[in-house]
1. Could you pull out the residue among A146, A184, A191 that is closer than 28 Å to P77 by Cβ, modelled with pLDDT under 85 and under 24 Å from the mean Cα position of the chain (by Cα)?
2. For the range 159-196, give me the residue count where each residue is exposed (fewer than 14 other Cβ atoms within 10 Å of the Cβ) and without any contact (Cβ under 8 Å) to a residue 40 or more places away in the chain.
3. Quick one: which of E74, E61 is modelled with pLDDT under 85 and either among the acidic types (D, E) or farther than 30 Å from N174 by Cβ (or both)?
4. Mind checking which residues of the range 1-14 are without any contact (Cβ under 8 Å) to a residue 24 or more places away in the chain and crowded, with 16+ Cβ neighbours inside 10 Å?
5. Looking at the range 23-44, can you tell me whether even one residue there is in a helix (DSSP H, G or I) and touching a residue at least 60 places away in the same chain (Cβ under 8 Å)?
6. Does L81 fit the bill of being assigned to a strand (DSSP E or B) and in contact (Cβ under 8 Å) with a residue 60 or more places away in the chain?
7. Output the residue which, of all residues in the range 54-68 that are in a loop (DSSP other than H, G, I, E, B) and in contact (Cβ under 8 Å) with a residue 40 or more places away in the chain, is nearest to D100 (Cα to Cα).
Amino acid sequence: MKILCIEDDRETAALIAEELSERGFEVNLAHDGQEGFAAILKEQPNLVLCDISMPILSGFEVLERLTAIAPRFENMPFVFLTALTDRSSELKGRRLGADDYVAKPIDFDVLCEIIGARLARVARIGAWAQLVELSEREIEALTWSARGKTSSEIAQIVGLSKRTIDFHIENARNKLGVSTRTEAAIKAASAGLIEP
């Protein structure tokens, strides 16, 4: 499993990399928010550990940028590692979508449990997604639906009847085990079955 650690304090970054490498993880380092954001796009790690107070881009700004380009990185766990232990910083991190918030100094046993739990959740989502087989038409109809198009608009775009589009969306909805087309689009996007 590839972990990207974004940490501006080089000594702390080296310690994190050493501890996690000894526990079987492949760890790459970035030393500021901008370098970290670029590394996420290039390397597509399985999980990101990110400091908050950094030069160029803060950890909050890195997560905001990632959220802006979702759903591409929607299932990639993002964990803040920070000395900012005040409640308002933690709440802000969680509001932005961080999966966890770990205070420094780091307890590596706790951190490894968090990493293991987050990666296991992603694996479960991936396993579930492999069990659901959507047809090309179902994927196409759900993708356009996720982009806010009505059945009539989708029918015009793909050259089919509205009734046929409704049929494909209904099939996808049943396969995904949800009650509405909106829930179907959200579930399919979060599992990586479609890219809205």
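1. Among A146, A184, A191, only A191 is closer than 28 Å to P77 by Cβ, modelled with pLDDT under 85 and under 24 Å from the mean Cα position of the chain (by Cα).
2. Of the residues in that region, 9 qualify.
3. Exactly one of E74, E61 is modelled with pLDDT under 85 and either among the acidic types (D, E) or farther than 30 Å from N174 by Cβ (or both), namely E74.
4. A13
5. no
6. Here the answer is yes, as L81 does meet what is asked.
7. M54
Conditions (1) among the hydrophobic types (A, V, I, L, M, F, W, C); (2) within 20 Å of the chain's Cα centre (by Cα), marked per residue:
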position	(1), (2)
A68	yes, yes
F78	yes, yes
L81	yes, yes
L84	yes, no
S89	no, no
P105	no, no
L111	yes, yes
A117	yes, yes
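The values are calculated or read from the model by the stated rules, or taken from the named source; none is laboratory data. Just so you know, these numbers come straight off a predicted model, no measurement behind them. Cβ: placed from backbone, ideal geometry, glycine included. Neighbour counts: every protein chain shown.
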